[in-house]
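**Q** Please find one structure pasted underneath; my questions will follow.
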Amino acid sequence: MTYELAIGDRSYSSWSLRGWLLFDAFDLPVKSRLAVMRTEAFPTLLADFPGARTVPALKTDGVSLWDSLAIAETLAERHPDAGHWPVDPADRALARSLTAEMHSGFAALRQVCPMNLRHGFAGFAPGADVLADLERLYDLWAMARARGHDGPWLFGSYSAVDAFFAPVAARIAGYGLPVLGADAEYVAAHLAQNGFRRWRAMGQANPHIQTQYDNDLEQVAWPGPTPLLAEAVTGETPLNDTCPYSGLPVASEGLARIDGRVYGFCNTFCRDKSVADAQAWPALVDLMARHD
Ligand SMILES: N[C@@H](CCC(=O)N[C@@H](CS)C(=O)NCC(=O)O)C(=O)O
């Protein structure tokens with residue numbers, strides 16, 4: 001089985017993030033095909049996924065399907081051991097209910113606080129509709145926790161319901177929305193989750209800014225784990241000859257100083273995703289450890 005996933009801008013497309021996590025967090029290989037939203041490339045990409053009008057959309061073995069929930073159920077059906085849904089039937093019923101409510105609800109939170117993974121915002125004052133959504137959200141999370149699994153995820157190991165809540169965690173942290181205790185820990189777990197960090201780093205590596213996801217609020221540093229100090233550089237000698245990701249030779253334009261040492265990559269995308277969050281990339285972490 002092969003999978004091609006159509007996605008939009010990683011910094012802004014919350015549904016694309018969910019779709020991708022449904023693969024990445026369950027160790028299912030997928031080829032992502034990205035088009036910047038609100039450009040001609042977007043409908044052109046979707047034309048290759050017959051029937052789809054939004055991202056994420058999926059092509060697999062001649063079948064095209066779209067909508068994150070349809071993708072979740074299809075993957076769960078095809079890969080029953082991957083862990084998309086909890087094993088216990090009562091857990092699974094609750095996980096499905098929470099996922100479906102996330103998929104169809106929380107309109108105020110989604111509209112007023114669009115996902116923006118490029119930075120956080122200071123000074124946001126949520127109105128009554130956003131606060132009501134948050135109250136319901138925290139009630140849902142408490143229902144899951146009452147099932148008695150160990151954290152940080154709602155039903156023990158990471159499941160599809162966690163993938164559906166990842167963008168909401170990003171909104172809560174990014175807009176500084178009120179959150180306490182176990183809910184705050186759950187939000188922090190999403191921001192620290194390796195797949196989420198890699199997705200965000202790839203978004204940072206794409207310079208396209210969608211201004212409609214910004215506002216008049218002060219922009220502040222992303223509230224997730226602080227990345228290592230890093231910058232792109234030129235004209236320096238890297239410690240490595242081949243790219244830690246592709247194994248291809250290091251390109252002269254692919255250099256970065258990370259935590260005080262210069263490493264090389266096969267292209268500027270590999271360089272920039274590494275600069276954005278070096279510790280999110282296991283192959284780079286290994287390389288850095290070898291030169292420690
Ligand atoms: N219910 C859909 C929502 C998909 C959706 O609205 N995706 C947005 C991006 S996050 C989109 O494709 N928008 C089309 C556009 O911006 O032109 C799902 O679960 O996948």
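**Q** Do you know which residues across region 191-208 are closer than 18 Å to Phe121 by Cα and out of contact with any Lys or Arg (no Cβ under 6 Å at 6 or more places or on another chain)?
**A** Across region 191-208, the qualifying residues are Leu191, Arg200, Gln204.
**Q** So which residues in region 10-43 are within 15 Å of the chain's Cα centre (by Cα), assigned to a loop (DSSP other than H, G, I, E, B) and either among the polar types (S, T, N, Q) or within 11 Å of the ligand (Cβ to nearest atom) (or both)?
**A** Those that are within 15 Å of the chain's Cα centre (by Cα), assigned to a loop (DSSP other than H, G, I, E, B) and either among the polar types (S, T, N, Q) or within 11 Å of the ligand (Cβ to nearest atom) (or both): Arg10, Ser11, Tyr12, Ser13.
**Q** Tally the residues that are in a loop (DSSP other than H, G, I, E, B) and either modelled with pLDDT of 95 or more or of a type outside the set (D, E, K, R) (or both), restricting the search to region 141-156.
**A** Total satisfying the criteria: 8.
**Q** Could you grab me the full set of residues in region 55-66 that are within 12 Å of the ligand (Cβ to nearest atom) and surrounded by fewer than 18 Cβ atoms within 10 Å (Cβ to Cβ)?
**A** Result: Leu65, single match.
**Q** Val161: modelled with pLDDT of 95 or more and farther than 30 Å from Lys273 by Cβ, yes or no?
**A** no
**Q** Let me ask another. When you go through Phe269, Phe265 one by one, which is the residue that is on the phi < 0 side of the Ramachandran plot, under 19 Å from the mean Cα position of the chain (by Cα) and among the hydrophobic types (A, V, I, L, M, F, W, C)?
**A** So the residue among Phe269, Phe265 that is on the phi < 0 side of the Ramachandran plot, under 19 Å from the mean Cα position of the chain (by Cα) and among the hydrophobic types (A, V, I, L, M, F, W, C) is Phe269.
**Q** If Asp81 meets every condition in (1) under 21 Å from the mean Cα position of the chain (by Cα); (2) under 19 Å from Trp153 (Cβ atoms); (3) surrounded by fewer than 17 Cβ atoms within 10 Å (Cβ to Cβ) apart from one, which number is that one?
**A** Failed condition: (1).
**Q** Turning to a different aspect of this structure: Looking at region 63-77, I want the residues that are under 16 Å from Ser159 (Cβ atoms) and have a partner that is near the ligand (Cβ under 9 Å from one of its atoms) with Cβ atoms under 7 Å, at least 6 apart or on another chain. Which pairs are those?
**A** From residues that are under 16 Å from Ser159 (Cβ atoms), the pairs are Ser68/Trp15; Ser68/Arg18; Ser68/Gly19; Ser68/Pro56; Ser68/His103; Leu69/His103; Ile71/Gly19; Ile71/Pro56.
**Q** Are there any helices (runs of 4 or more DSSP H) wholly within region 46-140 with 2 or more residues that are polar (S, T, N, Q) and at negative phi, and if so which?
**A** Counting at least 2 such residues, we get 68-78, 89-104.
**Q** Can you list the strands (runs of 3 or more DSSP E) found entirely within region 209-292 that contain at least 1 residues being within 30 Å of Pro126 (Cβ to Cβ) and not assigned by TED's automatic domain parsing to the domain that holds Cys113?
**A** The strands (runs of 3 or more DSSP E) meeting that bar are 218-220.
**Q** Only residues in region 28-41 that are over 15 Å from Ser11 (Cα atoms) and charged (D, E, K, R) count as the first member; pair them with residues that are away from the ligand (no atom under 14 Å from the Cβ) and assigned to a loop (DSSP other than H, G, I, E, B), Cβ under 7 angstrom, at least 6 apart or cross-chain, and list the lot.
**A** Lys31/Tyr3
**Q** Please verify whether region 147-159 includes one or more residues that are under 30 Å from Arg38 (Cα atoms) and either assigned by TED's automatic domain parsing to the domain that holds Ala108 or buried (at least 16 other Cβ atoms within 10 Å of the Cβ) (or both).
**A** There is no residue in region 147-159 that is under 30 Å from Arg38 (Cα atoms) and either assigned by TED's automatic domain parsing to the domain that holds Ala108 or buried (at least 16 other Cβ atoms within 10 Å of the Cβ) (or both).
**Q** Exactly one condition in (1) loosely packed, with under 14 Cβ neighbours inside 10 Å; (2) within 29 Å of Phe42 (Cα to Cα) is not met by Thr234; state its number.
**A** The number of the failed condition is (2).
**Q** Which one of Ser68, Ser64, Ser32, Ser97 is more than 24 Å from Trp199 (Cα to Cα) and either in contact with a helix residue (DSSP H, G or I) (Cβ under 6 Å, 6 or more places away or on another chain) or of a type in the set (S, T, N, Q) (or both)?
**A** Step by step, each of Ser68, Ser64, Ser32, Ser97 is checked, and only Ser97 is more than 24 Å from Trp199 (Cα to Cα) and either in contact with a helix residue (DSSP H, G or I) (Cβ under 6 Å, 6 or more places away or on another chain) or of a type in the set (S, T, N, Q) (or both).
The values are calculated or read from the model by the stated rules, or taken from the named source; none is laboratory data. Keep in mind it's a predicted model, so treat the numbers as computed, not measured. Here Cβ is always computed from backbone atoms with ideal geometry, including for glycine, and neighbour counts include all displayed protein chains.
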